[in-house]
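Read through the structure below, which is laid out as structure tokens, and then see the notes.
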Amino acid sequence: METKVLLLGDPDLRKIAFEVDTPFSDQLKKENEQLQKALEEFRAEHGFGRAIAAPQIGIPKRFIALNLGDKTFSIFNPVIQWHSPETFQLWDDCMSFPDLLVKVKRYQSITVAFVDEQGKEQIWEHLDQTHSELLQHEIDHLDGILALDRAIDRESIVYRSVFKAKKNYFLEQVRS
């Protein structure tokens, strides 16, 4: 059975997620499987999607499923411990509004502490820009914040089809 990703406007996307306890309960393990499956299904259907936060499928808990190229895995209770002073702009997309792109500003690098699937504490230090912006987006979801809330201005929201049709125009807006 397909897990539905909550769409823009659903009030559950605005809820602040609760920390998860370790060791992980059987219930959390089932919810993690459900979240990972939702990510894999979305990627298969839409051809994009590197991560999804539990609140996006109606689970108000602080964990994220990621697929960075080779396999799907999850991180729990992620916390940004540091961010670079440098920022950059990008056109961000989201599974909760897959037809839109939003121009946002993100930190160029962050350090994130989290608990892995084995219950061990981990730290990813000074992440590159690609992983940094992804985790900022997903951690925002855990705090009830959507990319639309971070739109730079009223001209910073565009339909994906318009973006694709005039890609060079929109990419010029985020070049530094």
Note to self: Need pairs with beta-carbon distance below 9 Å; first residue over 24 Å from E117 (Cα atoms) and within segment 76-90, second charged (D, E, K, R) and part of a loop (DSSP other than H, G, I, E, B); sequence gap 6+ or separate chains.
What the structure shows: Q89/R175
Notebook entry, point to check: Where residues in segment 158-176 are in contact with a strand residue (DSSP E or B) (Cβ under 8 Å, 6 or more places away or on another chain) and open to solvent by 80 Å² or more (accessible area, probe 1.4 Å), which of them is nearest to P98 (Cα to Cα)?
Noted result: Y159
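Conditions (1) more than 19 Å from D10 (Cα to Cα); (2) touching a Phe, Trp or Tyr at 6+ places or on another chain (Cβ under 9 Å), marked per residue:
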| site | (1), (2) |
| --- | --- |
| K120 | yes, no |
| L127 | yes, no |
| S132 | yes, yes |
| H137 | no, no |
| L142 | no, yes |
| D149 | no, no |
| R154 | yes, no |
| F163 | yes, yes |
| N168 | yes, no |
Next item on the list: Grab the helices (runs of 4 or more DSSP H) fully contained in segment 108-176, keeping just those with 3 or more residues being at pLDDT 95 or above and farther than 27 Å from K61 by Cβ.
Entry: 160-165, 167-172
Next item on the list: Kindly indicate whether any position in segment 16-23 is farther than 23 Å from S132 by Cα and surrounded by 15 or more Cβ atoms within 10 Å (Cβ to Cβ).
Entry: no
Notebook entry, point to check: Which of (1) farther than 20 Å from E133 by Cα; (2) part of a helix (DSSP H, G or I); (3) open to solvent by 10 Å² or more (accessible area, probe 1.4 Å) is the odd one out, the single condition R43 does not satisfy?
Noted result: (1)
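The values are calculated or read from the model by the stated rules, or taken from the named source; none is laboratory data. This structure is a prediction, so every number in the text was calculated from the model and none was measured. So basically every Cβ, Gly included, is an ideal-geometry build from the backbone, and we count neighbours across all protein chains shown. Surface areas here come from the heavy atoms of the whole protein model, side chains and all, with no ligands, DNA or RNA. Shrake-Rupley method; radii C 1.70, N 1.55, O 1.52, S 1.80 Å.
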